[in-house]
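> Structure incoming, see below.
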Amino acid sequence: MRLWLRLDMPPEEAASLRERHPEIDFVGGGEEDVPDDLDGVEAIFTRQPVPDETVRRMGGLRWVHLNHGGAAGYLTPAIMERSIDVTTSTGTAAVPFAEFAMACILTLANRLPACWQAQQEQRWDESLTPQEIGGKTLLVIGLGAVGSELARKAKAFDMRVAAIKRHVGEVPSYVDELARPTRCSTCSLAPTTWCSACRRSRRT
């Protein structure tokens, strides 16, 4: 198989791939490093969508893999008109995204920006009382890889976790309440302002 590495990758990682998979002919080394023989490329590992004109020059292309989740923007006409598999790396960013969300929650609950400002001004502000997040409710819209990881971490902080999921089945142990969306609390009364989850729920 000839595979086009169509993303910037540290040289040591690219070398490790070649060493571990000698049966694959890795070509290219970035989005701008286009292989000379595009017609012989059978697979692409990419971050950005591949232009249709490039796809149409690759008669042997059978597989496009993304280094992140979400493939909707990659299902271009040139991809759809042929039997080309498109796969994703869904879940690889779940932990860092969930940790970032928890960091934001803790930052706001403890009023850290205001504390840092008071520290810079060398003053003591007794009104900057931190809040405990234990016992508070976190609403998670969507229990995909990121949402599930966030729910697990929030539960570890003794938060009450409510979640909205399009298809409600068995309730995970880290979720206290699970419901199918009708219209979430963040959406206004006007359907044009509903989030994508609520619009999908309304159509089903």
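> Can you name the helices of the chain, as whole DSSP H runs, whose Cα span along the helix axis is 18 Å or more and whose Kyte-Doolittle mean is not below 1.0?
94-109
> If you don't mind, another one. Compute the distance in nm between two label points, each set 7 Å from the Cα along the Cα-to-Cβ direction, one at GLU53 and one at VAL168.
If labels sit at GLU53 and VAL168, their model points lie 5.1 nm apart.
> Could I ask something else about it? Give me the net charge for the shell around ILE133: Cβ to Cβ below 13 angstrom, other residues only, Lys and Arg +1, Asp and Glu -1.
Net charge around ILE133: +3.
> Select from the range 16-53 those GluC sites (Glu not before Pro) which occupy a DSSP coil region and have at most 12 other Cβ atoms within 10 Å, ordered by residue number.
The qualifying sites are GLU23, GLU32.
> Can I ask one more? Across 5 Å bins from 0, what is the distribution of all Cα-Cα pair distances for the range 2-87, in whole percents?
Bins of 5 Å from zero give 3, 14, 28, 26, 18, 8, 2, 0 percent of pairs.
> Right, next: Relative contact order of the chain: what whole-number percent is it, with Cα pairs under 8 angstrom and at least 6 residues apart?
Relative contact order, the chain: 12 percent.
> Run down the aspartates and glutamates and flag those whose C-alpha is under 17 Å from the C-alpha of LYS136, throwing out any fewer than 8 positions away in its chain.
ASP158, ASP176, GLU177
> Which distance in Å, rounded to a whole number, links the C-alpha centroids of the range 29-76 and the range 80-149?
33 Å
Every read-out reported here was derived from the displayed coordinates using simple, explicitly stated rules and does not represent laboratory data. Since the model is a prediction, treat every value here as computed from it, not as a measurement. A quick note on method: Cβ atoms are made from the backbone with ideal geometry, for glycine too, and the neighbour counts reach across all protein chains shown.
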